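The values are calculated or read from the model by the stated rules, or taken from the named source; none is laboratory data. Please read these numbers as outputs of a predicted model, since none were measured by experiment. Ideal geometry is used to build each Cβ from the backbone, glycine not excepted, and the neighbour counts take in all protein chains shown.
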Amino acid sequence: MKVINAFAKGWKKVIQSFVLCGLLYGMNFLFAFIVALPLKQLMDKKLSHSMEPQNLLAGFDFTVVVDFLNEYGVRDAFPNILANTQIIAIVFFFFSVFLTGGILAVFKNREEGFTRGIFWEGCAQYFWRLLRLTLYFLIIQVGILSIFFFILNAMTSGFDIEAIAHEGVIFDSIKILIPFYLICSGIIAMISDYAKIHMVHLDEAWLFKPFFGSFKIGLKKFFKTYPLFFLNFLIFVLILGVYWFLSERIITDNFTSILLLFVLGQVFILGRIFVKVLRISTATEMYRSLVYTTKNSEIPSLENQQVAHQNEE
Amino acid sequence: MRTLSRLIQVSNFNTKIETILCLLCFVATGFNLQGQSVLFPEPLSSRTASYDIDVQLDIKKKMIFADEKIHWLNSSTDTVRELQLHLYLNAFKNTQSTFMKEQGGASRGESTNKEDENVWGWQEITRFQDSFGNDLLVKAEYIQPDDDNEEDQSVIRIPLKEGVLPGQRVTYDLSFEAKLPNLIARTGYDKNYYFLVHWFPKLGVYEYPGIRYAEKGQWNCHQFHASTEFYADFGVYNVNIAVPKGYTLAASGLLQGTEEKDSLTIHKYRAEDVIDFAWTASPRMMEFHDKWKDVDLKVMANEEHIELVPRFFQATKNCLEYLDKHVGDYPYSNLTVVLPPFHGLGSSGMEYPTLVSGIGFKGLPDYIRIIEVITTHEVTHQYFMQMIATNEMEESWMDEGFTSYWESRIMDHYYGEKTSNIEFLSFGYGGMQTHRLEYLGLSNPKVSENFRFPWKFKHGGYHPLTYAKTCLWLKTLEGLVGFDHMNGIMKKYFEEWKFKHPCAKDFIAVVNNYVAENLSEEFPNGMDWFFDQVLYSSELCDYNVGWISNNKDEKDYGVFENTTEWGIEEGEGPEEIYTSKVVLFRKGEVIMPQEVLIHFDNGEEILEKWDGTDRSFEFEYKGTRQIEWAILDPQKKIYMDSNLNDNSYAVEIDQSPIWKTISKFFFWVQNTMQTMSSLI
């Protein structure tokens, strides 16, 4: 399957499953609301009669923020808000793992489209395996980051200002390494997508096959899988660019414009969620085309594997 | 030759033979002072302590070897029988020096090998003679006037064989050598970059009644402490610096000429009416030149920093322009800004007469204005510390605090009050705002009063209180007397005290005299009350508007004298009458006069005055109008108020700002969560 075909099919599936995006957005909104509510209450309590915050309408005012933090925040309310935020962020992370199982299940059952039954069943069914898989790939990501840090360390003689000619060496080294790091990290992220999809399609308790199989899928057909991944990344960049362009033009000096910017922000968040779902959807389409129709013995054919699995039983 | 003649005149040689010997001595000196012409036709200062130094840098041993002549004028009515000199480099001799103990070893850094003798520095006088050839080193001893730390050798006391009579000028001849430390406290070397400050034996200041707080004549010569270093008499410096050929050099004063000698280049510098002399040398540094009015500006930078050079020039010009307008003339004909290499960062951000060091990094974006902030700060020191030569060792707030105030004013003037330090997208903050955060952001802003010897801030607060709190109360003083009068005070202070040694009481006297002449109606009792609170006390200033009430007057019921009817009061009419109140609180201990702007629903506004003394106070109005809002100190004159957010109160207010803040916070929380979800 060509990249464009997979992209188009994946796009279509996401459109058909728009309820899924709505659900994910709702979850995101709910969690953010729980985090933001205490701050809103604090500001209402402490600043609701003050005229000083009006300065914030004209732009950022450091003094308003600093005085607020000094008086009410740093030693009082903010540590609590920060602690709550950290807890909720961790909960959200696990919840996202949970929801990802549902997303994968929906796209696995492509003919039926989104149904609540398939979604929630997928959430529960794949949670632990997805969590483990996520952990493995996070470890790989940390490993890649460490490797690049090690290279940077070597290029800058351990950031030793005595050993390098000048600080430009550090500056230039970072400039050189960042693109390579982003490419490598992106490849691993792409492979992790295929690992999740492969795991859901194989539906095995053990993650050995999906984990290593995903590397074969991702790397052997690199010129199909990576362009698709990159295309999705470009969609994200496009959404980000449009948001940036529009938000910079909204002067938030009254309630209407603040509301407008808020709505624009929510559209952007929805866009991010759409891109995430699109990434999985298009990768699923690509995966199916590669695994079900492949003539390449290096790529694990799903039918072969399922037959082998049945024979083992 | 004019210089040589003058030196001979001021020397205490009583016979012609001695004069001839002296002449021969000068001629015999390897680096003579020929060609060093007078810079100011009329001395700007008393020139109490002047120095002629021939110094040679040994880059292999990381040492300097020097011959020095000290010319000192005894301005007191005492016969002075001893000298006290700073040997600052001995502060870096070992871990037991007072400097090192106060630093807790931090300046030596964990990465530095303390066992490597090359990281340490020291200084030793090898010869010290008076004009009669008496060896004065015999009875010399290290003294520790501040802390009795016997390991500290940063001050040496030299008893004299011949006392110095009142009004007498004397010359002392000495030799010294010094091992340079690996860069510490702005001095020393790193690789082939050298920054030489506090490098020569330098006299303390002989204070006598009439100078600062002195009640009797005595040397003011403190040990070298972890913070602060400047206090010296004005003088003329003729310094010949021999460095290897190929080294670029910058120094205080003006270059008079160079001379090649074997493998060395001798750079001959002369600085007049300054309190110190610093220099730097490196084979990698390049010189860049510009001009502000008649002042030659020079930036010394390495190749990788060329792109930053225009920013240094612009910041310097802005600073000189502003201070010239609001404080007084910059009299020197040159100013050099040194941008240390990255490995020499330990010498960045420091001030010396006509030579300052800045800070900058390759690729530093324009919107991060650390280059401008630091350059402005250090150049401002040319006024506060250099020309107005306060005692930083005892009253550092007069040096760093005044400089911080002017640095903030200058930065905010040229780059915006809310953007002068950082201006990135919609985020930014200014100079005054930064100092406000530094002081009020302290976990305990009341940790000490301002007026304290720097090394006696035992439990923190030195920097925030010295720099930031002083800046804030000077800004508050500006608010109280007005912008133009503040400039007037500063001009008067500069005119009266330039090239002298003022102390706190001298500045306060200037303020009081100015206020008596120009603002006697507003402040009939002068401004002592102000300084008592902001300088000599550690208390906080905090006022707020407690609440506003608009109560509709009820009809009175009951039995009243001289009435025949129930429940009817005179003046009853169709309009509703309200009793409206604004209640103000003084939450802090500091008392400041306050203004309150009160706005009514009929559009009327009243500016009330309150002396700010009571713990609570109210303004009450009766009528058909209701109060809509009130702002305490609407012009933010009392900038040191610890919380400006509670200085206003509106009965009903547009909640848009809160919604704006929350919606932005909400959006970023959502994005953070979505980014976390992308990791899966």
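Descriptive notes on the structure:
- Residue within the range A:142-153 that is among the polar types (S, T, N, Q) and within 14 Å of chain B (Cβ to nearest Cβ) present: no
- For the range A:96-112, the set of residues classified as more than 9 Å from chain B (Cβ to nearest Cβ) and either assigned to a helix (DSSP H, G or I) or touching a residue at least 12 places away in the same chain (Cβ under 8 Å) (or both) consists of A:98, A:101, A:102, A:103, A:104, A:105, A:106, A:107, A:108, A:110, listed by residue number.
- Subset of the range B:481-503 (residues that are within 30 Å of residue B:456 (Cβ to Cβ), of a type outside the set (D, E, K, R) and touching a helix residue (DSSP H, G or I) at 6+ places or on another chain (Cβ under 7 Å)): B:486, B:489, B:490, B:493, B:497
- Here residue B:210 clears all of (1) under 26 Å from the mean Cα position of the chain (by Cα); (2) crowded, with 22+ Cβ neighbours inside 10 Å; (3) small (Gly, Ala, Ser) except the condition numbered (2).
- Within the range B:381-410, the set of residues being under 8 Å from the mean Cα position of the chain (by Cα) and closer than 16 Å to residue B:349 by Cα comprises B:381, B:384, B:385, B:399, B:400, B:401, B:403, B:404.
- Of the residues making up the range B:127-146, one or more are in contact with a helix residue (DSSP H, G or I) (Cβ under 9 Å, 6 or more places away or on another chain) and exposed (fewer than 14 other Cβ atoms within 10 Å of the Cβ).
- Filter pass, residue B:167 being among the small types (Gly, Ala, Ser) and modelled with pLDDT under 95: no
- On the stretch given as the range B:408-420, residues that are touching a helix residue (DSSP H, G or I) at 6+ places or on another chain (Cβ under 6 Å) and in contact (Cβ under 8 Å) with a residue 60 or more places away in the chain total 3.
- Residue satisfying all of: in the range A:30-70; more than 7 Å from chain B (Cβ to nearest Cβ) and closer than 30 Å to residue A:115 by Cβ; surrounded by the fewest Cβ atoms within 10 Å (Cβ to Cβ) among these: A:30
- Failed item in (1) among the small types (Gly, Ala, Ser); (2) in contact with a strand residue (DSSP E or B) (Cβ under 7 Å, 6 or more places away or on another chain); (3) more than 24 Å from residue B:286 (Cβ to Cβ), with residue B:401 passing the rest: (2)
- Test: residue in the range B:600-617 that is at the interface with chain A (Cβ under 7 Å from one of its Cβ atoms) and not in a loop (DSSP other than H, G, I, E, B): no
- If you go through the range B:505-540 and pick out every residue that is among the charged types (D, E, K, R) and within 17 Å of residue B:594 (Cβ to Cβ), you end up with 2.
- Subset of the range B:335-347 that is touching a Leu at 6+ places or on another chain (Cβ under 6 Å) and not in a helix (DSSP H, G or I) - its residue that is farthest from the other protein chains (Cβ to nearest Cβ): B:335
- Selection status of residue B:95, modelled with pLDDT under 95, within 30 Å of residue B:345 (Cβ to Cβ) and away from chain A (no Cβ under 14 Å): yes
- Among the residues of the range B:234-278, those identified as under 22 Å from the mean Cα position of the chain (by Cα) and in a strand (DSSP E or B) are B:235, B:251, B:271, B:272, B:273, B:274.
- Enumeration of residues in the range B:143-182 that are on the phi > 0 side of the Ramachandran plot and under 29 Å from the mean Cα position of the chain (by Cα): B:148
- Lone unmet requirement of (1) within 13 Å of chain A (Cβ to nearest Cβ); (2) crowded, with 21+ Cβ neighbours inside 10 Å; (3) not in a loop (DSSP other than H, G, I, E, B) for residue B:680: (3)
- Which numbered condition residue A:119 fails, given (1) more than 10 Å from every other protein chain (Cβ to nearest Cβ); (2) in contact with a Leu (Cβ under 9 Å, 6 or more places away or on another chain); (3) surrounded by fewer than 19 Cβ atoms within 10 Å (Cβ to Cβ): (3)
- Condition check for residue B:646: within 7 Å of chain A (Cβ to nearest Cβ), of a type in the set (Asp, Glu) and over 21 Å from residue A:258 (Cβ atoms): yes
- Some residue of the range A:9-20 being touching a Gly at 6+ places or on another chain (Cβ under 6 Å), more than 16 Å from residue B:658 (Cβ to Cβ), part of a helix (DSSP H, G or I) and in contact (Cβ under 8 Å) with a residue 24 or more places away in the chain: yes
- Residue match in the range B:628-635 (condition: within 14 Å of chain A (Cβ to nearest Cβ) and farther than 29 Å from residue B:439 by Cβ): yes
- Qualifying residue in the range A:71-80 (condition: touching a residue at least 12 places away in the same chain (Cβ under 8 Å), of a type outside the set (D, E, K, R) and away from every other protein chain (no Cβ under 13 Å)): yes
- Only a single item in (1) surrounded by fewer than 23 Cβ atoms within 10 Å (Cβ to Cβ); (2) touching a residue at least 12 places away in the same chain (Cβ under 8 Å); (3) at the interface with another protein chain (Cβ under 7 Å from one of its Cβ atoms); (4) not in a loop (DSSP other than H, G, I, E, B) is not met by residue B:660, and it is number (2).
- Looking across B:567, B:526, one residue alone is assigned to a loop (DSSP other than H, G, I, E, B) and modelled with pLDDT under 95. It is B:567.
- Filter result for residue A:74 (in a helix (DSSP H, G or I) and modelled with pLDDT under 90): yes
- Residues of the range B:136-168 classified as in a loop (DSSP other than H, G, I, E, B) and over 19 Å from residue B:95 (Cβ atoms), total: 11
- Unique residue being touching a Phe, Trp or Tyr at 6+ places or on another chain (Cβ under 6 Å) and surrounded by fewer than 23 Cβ atoms within 10 Å (Cβ to Cβ) when the list is B:329, B:296, B:290: B:290
- Note on the range B:629-644: residues that are free of Cβ contacts under 8 Å to residues at least 40 places away in the same chain and in contact with a strand residue (DSSP E or B) (Cβ under 7 Å, 6 or more places away or on another chain) amount to 1.
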